[in-house]
Amino acid sequence: MKRIFVCAVLVMVMLVGCVPPTATPQLPTVTPSVEPPTVTPVPPPSATPTSTATATATRPPSPLITPTPPTSPIATPQVFRPAAVAASGLRNWSFEAPFIPDSIYTSIVLAQYWHYWYLPLPPCKVGEASCNIPCPSNCNGCPYNDVGCFWAKPEWSQSYGLDTGYFRVDSLQSSQKIFVYAREGEGGMYQVVNQNIRAGDVITFGLRAMAWQCFNFPACFIHYDPKHGNYTVISDQPYAMNLRVGIDPTGGTDPLAASVRWSTTVESFDHFSSVMVSIVAPAASDKLTVFFGFGVRFDYARPNNDIYVDSAFLLIENSLRNKTFLPAVRCP
């Protein structure tokens, strides 16, 4: 029995050895009918470094501004009338101390009893044919009234004449200085005089004024003043300052009022000149107003535009002085 079992086992082993091993099936090779296109990679473009140069900025034109000149001075400084000072006649004609700071603008300091006025905008549209104010070449917005470039509020201060020569003072110790730095502008001063006038009175007002307009400061500082023995600053390329005086026989304080009678304009660079006007009073009044005015003008910006005012005077010739009264004639 044991021998039969062994034989059976041997027969099974032999049979297993005769069975061939299972072969791994081979997948058929599939050849694609259309080959995919060959894609050649494109290298990314090299970045061009951004230039560090700064572009020149161009100021856009400003919107058109229709200037509206004030009907009265922009601000009226405090009126100082000490009790010891008489209330009639022209006061502080020589523009001496004290000089009073304005209560609003620190850049305005005026000789006592004098007041200021100025135009915050040009009186006409600069750049138009009908406006006689030149458009400076350093401003490209004049047709649009870009007033921030070429128009400014003047400044007022006391001058002793020492900074630009003693001849900046015409009488006594000081003069009134008015200046507009690197811009055009228009303004002046006034004083109300309590004085009775009659219709027909001849009123004459005047003062002494000097202008200095300088473009290149080294070129201006070349003048030797033999009278005072020092070098002084003169104008190198002056254009116009339009110095003038006016009288309002009604006592008003509006420099643009029709009642103000203005003189013709005067140019007086680096020396004092008399600027005067005479009028005939149209009616009786208990006061009158005297004005000084100027208008800085140039075709390109001048940094220095200074005016010095001194030695004012006021004359009133009574209309009755030259009348002849005939003696009474007794009729028969």
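Throughout, read-outs are computed from the coordinates displayed, never taken from laboratory work. Note that the coordinates shown come from a computational prediction; the quantities given were computed from them, not determined experimentally. Neighbour counts run over all protein chains shown; Cβ positions are idealised from the backbone, glycine included.
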Could you give me the ³J(HN,Hα) list for the range 100-111, computed from phi with Karplus coefficients 6.51, -1.76, 1.60 and θ = phi - 60°, whole Hz, x at Gly and Pro?
-> 9, x, 5, 6, 10, 10, 6, 7, 10, 10, 10, 4
Assuming a viscosity of 0.890 mPa s and a temperature of 25 °C, what translational diffusion coefficient in µm² per second does Stokes-Einstein assign to the range 173-229, Rh being the Kirkwood radius over Cα pairs?
-> 151 µm²/s
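What ranking of His115, His271 emerges when the number of other C-beta atoms within 10 Å of each C-beta is taken as an exposure proxy, fewest first?
Working: His115 20, His271 11.
Going from sparsest to densest Cβ surroundings: His271, His115.
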Return, ordered by residue number, the residues of the range 276-294 whose backbone nitrogen is under 16 Å from a label point located 7 Å along Cα→Cβ of Phe313.
-> 276-279
How big is the equivalent ellipsoid of the range 226-327 along its three axes, where each semi-axis is √(5λ) from the Cα gyration tensor, reported in whole Å from largest to smallest?
-> 36, 18, 10
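Provide the net charge surrounding Val280, with neighbours chosen by a C-beta distance below 13 Å and charges set as Lys +1, Arg +1, Asp -1, Glu -1. Intermediate results must be reported in sequence, preceding the final value.
Working: positive: Arg198, Arg261; negative: Asp201, Glu317.
After counting each charged neighbour, the total is 0.
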Sequence order, the range 113-128: Karplus ³J(HN,Hα) from phi using 6.51 cos²θ - 1.76 cosθ + 1.60, θ = phi - 60°, Hz rounded, Gly and Pro as x, gives 6, 9, 10, 10, 8, 7, 9, x, 10, x, x, 8, 7, 5, x, 8
Distance between the range 229-251 and the range 189-215 - C-alpha centres, whole angstrom | 14 Å
The summed charge of the Asn242 Cβ neighbourhood (under 13 Å; Lys/Arg +1, Asp/Glu -1) stands at -1
Provide, as a two-decimal number, the C-alpha radius of gyration of the range 99-251 over 2.2 N^0.38 Å, N being how many residues it has.
-> 1.22
Note: Gln237 to Asn196 extended length (0.36 nm per residue) minus current alpha-carbon separation gives 10.3 nm
